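**Student:** Sharing a structure with you now.
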Amino acid sequence: MPRPTAAQLAYGSATVVLATLSMLLLSGVTSVVGIAVIALVALCLGVLVSVKAAEPRRSTAAHPVSAGRTDHATTSVSSSSGRAAGSPSAAETRIPASLRR
């Protein structure tokens, strides 16, 4: 199992402390059982945050469907005019590339 990074420890610890304080202040719990439940929930939340901080972010630029594709007619990025940015006009997309002059 890999060791947690400094960022994971910082995010997780901050989450546990802030979640515990905010839940204790907002709930007004004074019993030992209530405090223990809040501490356990905050600990679980801190672990969840630190695990999620370790996941690599998915890039929106390299979409799996369009990765490596050079066909400009299927580009899904559209400009303000409504047609795909950088794509040929509608008339050019209907004519196969082999028949264009």
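Each reported figure results from applying straightforward, stated rules to the coordinates on display, with no laboratory input. Note that this is a predicted model, so its numbers are computed, not measured. In this analysis, Cβ positions are derived from the backbone assuming ideal geometry, glycine residues included, and neighbour counts consider all displayed protein chains.
**Student:** For the stretch 6-53, how big is the tail of P(r) above 13 Å, as a whole percent of Cα pairs?
**Tutor:** 51
**Student:** How would I38, I95 line up from fewest to most surrounding beta-carbon atoms within 10 angstrom?
**Tutor:** In increasing order of surrounding Cβ atoms, one gets I95, I38.
**Student:** Note down the net charge around A10, summing +1 for each Lys or Arg and -1 for each Asp or Glu among other residues with Cβ under 15 Å from its Cβ.
**Tutor:** For residues surrounding A10, the net value is +2.
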